[in-house]
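Down below is the structure, laid out as structure tokens.
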Amino acid sequence: MNTLDQAKLLQDRTKKFAIRVIKAFARLPKDEAARIIGKQFLRSGTSLAANYRAACRARSAADFISKISVVSEEADETLFWLELLVESELVTIKLVKALMKECEELLKIFAASLATAKRNR
């Protein structure tokens with residue numbers, strides 16, 4: 001599998017993740033705290049996919065590093081909001097465990113990609 005195929009697979013994976021984030025957001029409790037934290041979670045979780053797509057269109061190595069850094073930050077932020085939702089008992093771990101696992105995996109992928117891009121620059 002070449003780099004372009006791998007990028008396309010990861011684009012699809014991040015889009016599916018964004019869809020899962022949207023669906024999880026829709027199921028959050030309707031109180032004020034869940035609404036505020038949920039919007040942050042929704043923004044970062046969907047932004048991850050959009051920014052990865054932009055990174056795939058980078059015009060230079062420096063541009064890619066800049067954009068993949070944002071993707072990594074968004075993945076980490078999404079994980080933070082998920083943890084906050086669970087630790088504040090707005091949702092149970094059971095409800096978001098699979099989503100958290102996917103977010104952790106994506107974060108590892110993007111962190112490794114960033115490290116590789118920096119090393120190869």
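Given all pairs of different Cα atoms, what value in angstroms does the Kirkwood hydrodynamic radius of the chain take? Please list the in-between numbers first.
Details: mean 1/r = 0.0678 Å⁻¹.
Taking the inverse mean of 1/r over all distinct Cα pairs, the chain comes out at 14.7 Å.
Note on Cys103, Cys56: ascending count of other Cβ atoms within 10 Å places them as Cys56, Cys103, the fewest first.
Take Ser44, Ser69 and order them by how many other Cβ atoms sit within 10 Å, fewest up front.
Details: Ser44 22, Ser69 17.
Ordered by Cβ neighbours within 10 Å, fewest first: Ser69, Ser44.
Per-residue ellipticity at 222 nm computed for the chain from its helices equals -30500 deg cm²/dmol, with DSSP H segments shorter than 4 residues left out and the rest contributing -39,500 (n - 2.57).
Only lysines eight or more places from Lys94 in sequence, or on another chain, were considered; those with a Cα closer than 18 Å are Lys23. What shape does segment 1-72 take by its C-alpha gyration tensor, where a ≥ b ≥ c are the square roots of the eigenvalues and a/c under 1.5 counts as rounded, a/b above b/c as prolate, and the rest as oblate? It is oblate, given that a/c is not under 1.5 and a/b is not larger than b/c. Cβ crowding within 10 Å ranks Glu73, Glu32, Glu83 as Glu32, Glu83, Glu73, fewest other Cβ atoms first.
For segment 64-102 versus segment 21-53, the spacing of their alpha-carbon centroids is 10 Å.
Just so you know, all these numbers are worked out from the coordinates, no wet-lab data involved. Quantities reported herein were computed from a predicted structural model and do not represent experimental measurements. We place every Cβ from the backbone using ideal geometry, glycine too, and count neighbours over all the protein chains shown.
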